[in-house]
Amino acid sequence: MSKLYIGVDIGGTSIVAARFSESEMLEKAEVPTGAERPAEEIMESLYEVIGKVMSDEVVGIGIGMPGFMNVESGEILQINNISSFNGFAIKPRVEEHFKLPTFQNNDANCFALGETYFGAGKKYNNLVGVTLGTGLGGGIILNRKIHTGLMGGAGELGCVPFHGGISEDICSAALFKNKYKTTGTELYKKAKAGDQEALAVFDELAHNIGELLRIVMYVLAPEAFVIGGSVANSWDLLEKSLREEVDKFLVPMISSKVELVPAQLDNAGLYGAAALCISQMN
């Protein structure tokens, strides 16, 4: 009998669960989160959506969600968009309800792990996943497992002190909003039409991100950075300047081998939640 796994992505709007083999998604279901509700009520919705994709072949459940958490106990240490989950432990309740091993991690880590097992990172053992959107997230993969650090605090690339603030301020869509009072979508349209000012903003963003990646390289020297999120949809405007900045690394023999690759999966976090099981149970 083949082993199957369930991955769950808990977001502020919806909870998505899917059943996976080790190579593909097999079935998916979704329910509203109702993020303003008490934690116990949200848990009932979580049990419901997992039940929709459960089968006798499932051997484990993985859960990805935003926030800081103790990945061993499942306790949520800090989450902004589902306030009743603050101080709440999800993992032990799911284990008790379904009588299956359950693993939990934050969504940026799950993004990195999902791309490692199912997407752009398949050929690498050590990589860093970077999500670029309204904020900046990161996940560190060492020997094809998430490096969580103390209390799950590793990989928070958006909080790195950077240019007098934190990296998220100028390495994500926050740059468009705060400095240029516009959106990435609007700037992208102008840039694709040849607007030089818009092109210069994307160049600025790419160099900022590249500088951050170069800092990470001095600590981890990963084989690759896998870059996703809404801002990464502008990869065609970012790649060249990103590469230029990364290549300023002081040891060219290392930087020349570090690959910069766009993410491949539409919902890498969901895939990564399933991969939590695969990476821990195999």
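When the chain is treated as a GNM with alpha-carbon contacts under 10 Å, the residue of Cys110, Cys159, Cys171 showing the greatest mean-square fluctuation is Cys159.
If you run the Gaussian network model on the chain, springs between alpha carbon atoms under 10 Å, then out of Met217, Met151, Met65 the most flexible one is Met151.
About the Cα centre, and with charges only on the beta carbon of Lys, Arg (+1) and Asp, Glu (-1), how big is the dipole of region 107-194? Nearest 20 debye, please.
On the way: 10 positive and 6 negative charges, 78 e Å.
Taking the Cα centre of region 107-194 as origin, the dipole is about 380 debye.
Cα gyration tensor of region 123-262, axes a ≥ b ≥ c as square roots of the eigenvalues: rounded (a/c below 1.5), prolate (a/b > b/c) or oblate? Prolate, because a/c is 1.5 or more and a/b exceeds b/c.
The residue list Ala193, Asn86, Gln280 was ranked by how far each Cα lies along the charge dipole of the chain toward its positive end, using unit charges on Cβ atoms, and Ala193 comes out on top. Net charge around Ala232, counting only other residues with Cβ within less than 14 Å of its Cβ (Lys, Arg = +1; Asp, Glu = -1)? Counting the neighbours of Ala232, the net charge comes to -4. Taking amide H as placed 1.01 Å from N in the peptide plane, the amide H of Ala263 sits under 5 Å from that of Ile227, Gly228, each at least 5 places away or on another chain. Between Asn267, Asn208, Asn143, the GNM of the chain built on Cα springs shorter than 10 angstrom shows Asn143 fluctuating the most. With the charge dipole of the chain set up from +1 on Lys and Arg Cβ and -1 on Asp and Glu Cβ about the Cα centre, the Cα lying farthest toward the positive end among the listed residues Met217, Leu77, Ser234 is that of Met217.
Out of the DSSP beta bridges found with both residues in region 123-262, what percent are antiparallel (nearest 5)? Each step should come with its number before you reach the end.
Working: 10 of 19 bridges.
So the antiparallel bridges in region 123-262 amount to around 55 percent.
Could you tell me whether the chain comes out rounded, prolate or oblate from its Cα gyration tensor? Rule is a ≥ b ≥ c as square roots of the eigenvalues, rounded for a/c under 1.5, then prolate if a/b exceeds b/c, otherwise oblate. Walk me through the numbers on the way to the answer.
Numbers: a/c = 1.95, a/b = 1.60, b/c = 1.22.
Taking the square roots of the gyration eigenvalues as a ≥ b ≥ c, the chain is prolate.
Modelled spin labels at Thr185 and Lys122, positioned 7 Å past Cα toward Cβ, are 3.3 nm from each other.
In a simple Cβ point-charge model (Lys, Arg +1; Asp, Glu -1; nothing else charged), the chain has a dipole of about 420 debye relative to its Cα centre.
With a threshold of 31 Å on the Cα-Cα distance, the over-threshold entries among Lys145/Lys257; Lys91/Lys181; Lys123/Lys190; Lys122/Lys179 are Lys91/Lys181; Lys123/Lys190; Lys122/Lys179. Computed about its Cα centre, the charge dipole of region 203-282 is approximately 260 debye, with only Lys, Arg, Asp and Glu carrying charge at their Cβ. Between Phe68 and Met281, full extension at 0.36 nm per residue minus the direct alpha carbon distance yields a gain of 74.4 nm.
Seen from Val160, the other residues with C-beta closer than 14 Å to its C-beta sum to a net charge of -3, counting Lys and Arg as +1 and Asp and Glu as -1.
In a shell of Cβ-Cβ distance under 12 Å around Val201, excluding Val201 itself, what net charge do Lys and Arg (+1) and Asp and Glu (-1) give?
Values: positive: Lys177, Lys179, Lys181, Lys190; negative: Glu186, Asp195, Glu197, Asp203, Glu204.
Counting the neighbours of Val201, the net charge comes to -1.
Here, each number is a calculation from the coordinates, and none is a lab measurement. Here the structure is a predicted model, which is why all the values come from computation and not from measurement. Virtual Cβ from ideal backbone geometry, glycine too; neighbours counted across all protein chains shown.
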